[in-house]
Amino acid sequence: MGWAFHGTAGPEWLARAAALSLALSLVAAAGLFPYLQPVDLDEPASYSYLAWSGFFAPALALTLPFRLLQGLTPSQATVFGATLVGLGLLNLSWGVVGAWRTKTDTEAWRCSFLADWGLVLVGVGLFQPEGFAAAYLALLSIVLVRLPLYLWARPALLLRESPAVRGTVSVIVAVLLAGAAPFSGFPVRLLLLQAATRTSWPLAVLLLAGMVLWVAHSLRLARTVDAARGRSALGLWLTVVISLGLGMFSGTIRAAAGL
């Protein structure tokens, strides 16, 4: 419906309705609906929301807004951006609180994906270079860091055992998942706060509160990552190195992507 009325001659309210429809479609398809289905650990990982998280949703989140920016009027851009920011904050709060308070580790992982998508949606909705860069880096982190970590955690989740890993490895993974420097989540948070401060300082305060609450569930998720030896250990440390690379060379990655 949004595409049908987008760019057509008509009253202003119809143009705004088209922008609202497109924003709601993006949120539902990429940042919300895939994570509301029940998680069945007995099915292959490729059948769950992971395939959508890793391939379809990032492509949709990156291409649709850039296509729309070419033809949005100022009033349409306001509606589109405000919808993404508002629902992004909902995803973020739902994700961090749910991952902290839920009873099962499986649900905690699913909520953590919601929180990540909340950051992406807010970044896109701000319509600023720093916001788009933050969304791009967050999507890379979802695909290259969070998804592999979830797959390392999956054996422990299947056995309903937690914690699976203790000690130094657990602490490192917890710091990584919390978005601390110098890992991949830190430039995402820094860029988002810069863009939000330029737009509205109350928005920056809400984002900062969500980022602080994020720390509460990071250790819980880290303890489920079962990759202590063999090829699993190699894969885990490779994921940690990738996260370090995304965090330390975020400027180079942004430049390569034209952001």
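A compact table of results
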quantity	calculated
Exposure proxy ranking, count of Cβ atoms within 10 Å, fewest first, for S170, S232, S112	S232, S170, S112
For the chain, diffusion coefficient by Stokes-Einstein and Kirkwood Rh (Cα), 37 °C, 0.692 mPa s, µm²/s	176
Proximal charge balance of T73 [Cβ under 14 Å; K/R count +1, D/E count -1]	0
Calculated FRET value between R198 and M248, using beta carbons and R₀ = 25 Å, to 0.05	0.50
Segment T73-F5, extension gain: residue separation times 0.36 nm, minus the distance between their alpha carbons	23.2 nm
Contour excess over end-to-end distance, with Cα ends at F56 and W237 and 0.36 nm allotted per residue	62.5 nm
Under 15 Å, Cβ to Cβ, from L119 - net charge with Lys/Arg +1 and Asp/Glu -1	0
Inter-label distance for R101 and L14, nm, one decimal - labels placed 7 Å from Cα along Cα-to-Cβ	4.4
Neighbour-count ranking [beta-carbon atoms within 10 angstrom, fewest first] of L144, L32, L207	L144, L32, L207
Sequence of M1, M248, M211 once ranked by neighbouring C-beta atoms within 10 Å, starting from the fewest	M1, M248, M211
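Every number here is computed from the coordinates shown, using simple stated rules; none is lab data. Keep in mind the model is a prediction, meaning the values are calculated, not measured. Note that each Cβ is placed from the backbone with ideal geometry, even for glycine, and that neighbours are counted across all protein chains shown.
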